[in-house]
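Reviewing the structure listed below.
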Amino acid sequence: MSTVSKTILIVIISLIVSFLIGKSVYEKEQLNQARTIANMVEYIGQWASQYRGIWIKEAKGDAVDLGSHLDTVTATLANEDNSVTSTEQMATTLNFHLKNPALVQREISDLMQANKQQSSYRITSDKYMNTKNSPTAFESKAIKFMRANNVTEYSEVRNGETFYARGLIATAACMRCHESAEKAPYAVRSLYPSQGYGYELGKVAGAISVRVPSTYSLASLLNILNISSILAILGLIGCSYLILKRK
């Protein structure tokens with residue numbers, strides 16, 4: 001085999017090895033990205049939980065989905081002289097709808113899932129209330145795995161996409177609505193009389209499920225590798241050529 005042929009072979013092997021190493025690095029970065037998204041989702045839930053849910057003002061003329069809130073409060077703007085509001089003035093009546101932490105998280109999830117090219121997440125459980133939150137095959141597998149192995153993470157890479165699940169641990173805030181139908185607030189059990197209950201305090205109740213699409217390619221590999229890495233590879237190829245040429 002000629003020196004040129006040997007050098008070309010070394011170049012090809014080096015590129016394959018570099019690609020595989022880069023792929024491993026990229027998948028780890030995808031997993032870290034999924035963990036970051038899961039962190040964000042947890043913080044959103046904690047923020048909403050400290051207020052025991054968020055009251056949202058109904059936009060004028062908008063139809064409100066029954067499953068999009070747990071309770072409604074009607075408020076009427078007071079007149080400056082504190083007089084009773086007349087029928088004509090009832091147009092100023094405002095409706096506020098209560099969204100619990102899970103609903104807040106789900107609505108943000110809906111916005112993210114609208115773009116299939118970007119990362120997205122879901123809140124799911126095998127003890128779900130709303131059917132929109134029912135688990136996929138991956139999510140069911142992840143929940144069972146985490147419970148059986150007493151861990152709070154599970155991930156898979158399929159077709160270049162990273163699927164990550166983080167266990168949702170039932171807290172005291174979760175138990176207010178999910179322990180049992182009898183103990184749940186009236187607004188909750190009136191919407192969901194029999195499903196979504198049975199959480200156990202301190203145990204995995206569901207999962208934050210994150211999907212990170214892959215854009216890995218040779219171009220992305222070059223973006224991951226810094227200039228020093230690229231120069232080191234080129235140097236290795238050059239040294240190999242010189243060594244083979246001397247032989």
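The values are calculated or read from the model by the stated rules, or taken from the named source; none is laboratory data. Model, not experiment: these values are computed from the prediction. Here Cβ is always computed from backbone atoms with ideal geometry, including for glycine, and neighbour counts include all displayed protein chains. Side chains included, ligands, DNA and RNA excluded: accessible areas come from the protein's heavy atoms. Shrake-Rupley method; radii C 1.70, N 1.55, O 1.52, S 1.80 Å.
Can you spot a residue in the range 171-178 that is at pLDDT below 95, under 22 Å from Arg122 (Cβ atoms) and part of a loop (DSSP other than H, G, I, E, B)?
yes
Within the range 149-161, work out how many residues are outside any strand (DSSP E or B) and open to solvent by less than 50 Å² (accessible area, probe 1.4 Å).
1
Across the range 162-182, what is the total count of residues that are more than 15 Å from Val41 (Cβ to Cβ) and open to solvent by 50 Å² or more (accessible area, probe 1.4 Å)?
4
Specify the residue that is surrounded by the fewest Cβ atoms within 10 Å (Cβ to Cβ); the eligible residues are those in the range 130-148 that are among the polar types (S, T, N, Q) and closer than 23 Å to Val188 by Cβ.
Thr131
Looking at this structure, is Leu9 farther than 30 Å from Ala170 by Cα, loosely packed, with under 15 Cβ neighbours inside 10 Å and modelled with pLDDT under 65?
Considered against the rule, which asks whether it is farther than 30 Å from Ala170 by Cα, loosely packed, with under 15 Cβ neighbours inside 10 Å and modelled with pLDDT under 65, Leu9 comes out as no.
Taking the range 179-188 as the region of interest, how many residues are assigned to a loop (DSSP other than H, G, I, E, B) and not charged (D, E, K, R)?
Final tally of qualifying residues: 4.
Residues that are surrounded by 12 or more Cβ atoms within 10 Å (Cβ to Cβ) and modelled with pLDDT under 80: does the range 28-44 have at least one?
no
Could you list, in sequence order, all residues of the range 183-217 that are open to solvent by 40 Å² or more (accessible area, probe 1.4 Å), under 22 Å from Ser134 (Cβ atoms) and of a type in the set (Ser, Thr, Tyr)?
Once the filter is applied, which keeps residues that are open to solvent by 40 Å² or more (accessible area, probe 1.4 Å), under 22 Å from Ser134 (Cβ atoms) and of a type in the set (Ser, Thr, Tyr), the range 183-217 yields Ser190, Ser194.
Return a yes/no flag: does the range 121-132 have any residue that is touching a Phe, Trp or Tyr at 6+ places or on another chain (Cβ under 8 Å) and of a type outside the set (S, T, N, Q).
Yes, the conditions are met somewhere in the range 121-132.
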